[in-house]
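This report refers to the structure that appears directly beneath it.
Since every read-out is calculated from the coordinates, none of them should be taken as a lab result. All values reported here derive from a predicted model rather than from experimental measurement. When we count neighbours, we look across all protein chains shown, and the Cβ atoms used for this are built from the backbone with ideal geometry, even at glycine.
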Amino acid sequence: MLPGFLTRAVELLLGREGRSLHVKSAGGASAVLVAVMAAGSYAVVAAEHGARGAHITTYPMALWWSIETATTVGYGDFYPVTLWGRVTGSVVMVVGITAYGMVTAAFATWFVSRDQKRRHHLVQDAERAAHAVSGGQASLCSSGALGHRHGLGPHRTAHQTLVVDGGLEDVRERAEDLPGVSG
């Protein structure tokens, strides 16, 4: 039953084509972290079993130790005393740091991409408004200024050049100042 559950969980986390890379990487890192914490808990109990001065003697204690080790909290209430227990702790710690770093990076990238999409839509709206105002002769350049396309060059001919600082509203306000344009 457990392998079927794990297969289904991994399929849900990683198998969706419609999900973004951010969700897949955060889900994958979280799944690996949970698996390493569970296996690390079992390994540290096995390594510490019967050792003199061992603090981690049961699976629930080991699971708590694994969680605090992966998150690098390390209260010090449980710690391994054997070499293999410490090696296991090192693996759990490195995987925990890596997984939390990947999840944090995935969230940060997601927030940045949302902001970039929002800005892209503002630029598109401003370009559409400028295109409508100029009779189809102006377009938004990457620098934020409205320039002429189709070989008209940077010279002012019969068309006005607008500078866009504040997005669509700024284009509308500046467009009202053009001769022959009414609000």
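Between residue 121 and residue 97, the simple label model (points 7 Å from Cα in the Cβ direction) yields a spacing of 4.0 nm.
Can you bin segment 21-112 into rounded, prolate or oblate? Criterion: square roots of the alpha carbon gyration tensor eigenvalues sorted a ≥ b ≥ c, rounded for a/c under 1.5, prolate for a/b above b/c, oblate for the rest. Prolate, because a/c is 1.5 or more and a/b exceeds b/c.
Less than 5 angstrom separates the built amide H of residue 81 from those of 55, all sequence-distant by 5 or more or on a different chain.
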